[in-house]
Amino acid sequence: MTERIPAELSDMVIGCAFRVHNELGEGFLERVYENALLIELKEAGLAVRQQVPISVIYRGRPVGEYYADLLVENKLVLEIKAVQQLLKEHEVQLVHYLTATSIEDGLLINFGHSVEIKHKYRTFRPKKVI
């Protein structure tokens, strides 16, 4: 299992997402928010790649390919949405990306009415009891 990302990295990405939404508002296509977030993350000094191919392997052979919207510092997958409400299918899509890449952390970011963030993990992490 790979190490979990530092909280500072996810906090920085979330801050960038809010800056994008504050400037653009709601109603644009996902690609517009993705492109704007790419600019914001790069200006924050982060290494970011866009539309990163992810191969799905079955019995040692490629059987499909997906594209992660953004990959930050080679350790955080971002899936961008611009919908009224996130669905379970959106979360499952991100978890599949994490499984295919062996990356532990992903953020599902919805630029709907307001910014909505869901942090997803490749491996199950039980909630801590306080």
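Data for the structure
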read-out: Of the criteria (1) modelled with pLDDT of 95 or more; (2) among the basic types (Lys, Arg); (3) within 12 Å of LEU76 (Cβ to Cβ), which one LYS42 fails; value: (3)
read-out: Yes/no for LEU76 being under 19 Å from GLY15 (Cα atoms) and either among the polar types (S, T, N, Q) or at pLDDT 95 or above (or both); value: yes
read-out: Some residue of the range 108-120 being hydrophobic (A, V, I, L, M, F, W, C), modelled with pLDDT of 95 or more, surrounded by fewer than 19 Cβ atoms within 10 Å (Cβ to Cβ) and within 24 Å of VAL20 (Cα to Cα); value: yes
read-out: Only listed residue being of a type in the set (A, V, I, L, M), without any contact (Cβ under 8 Å) to a residue 60 or more places away in the chain and under 17 Å from LYS120 (Cβ atoms), chosen from VAL63, VAL52, VAL56, VAL13; value: VAL52
read-out: Given (1) among the hydrophobic types (A, V, I, L, M, F, W, C); (2) within 15 Å of the chain's Cα centre (by Cα); (3) assigned to a strand (DSSP E or B), index of the condition LEU98 fails; value: (3)
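The values are calculated or read from the model by the stated rules, or taken from the named source; none is laboratory data. Everything numeric here is computed off the predicted structure, so don't read it as measured data. Reconstructed Cβ throughout: ideal geometry from the backbone, glycine too, with neighbour counts over all protein chains shown.
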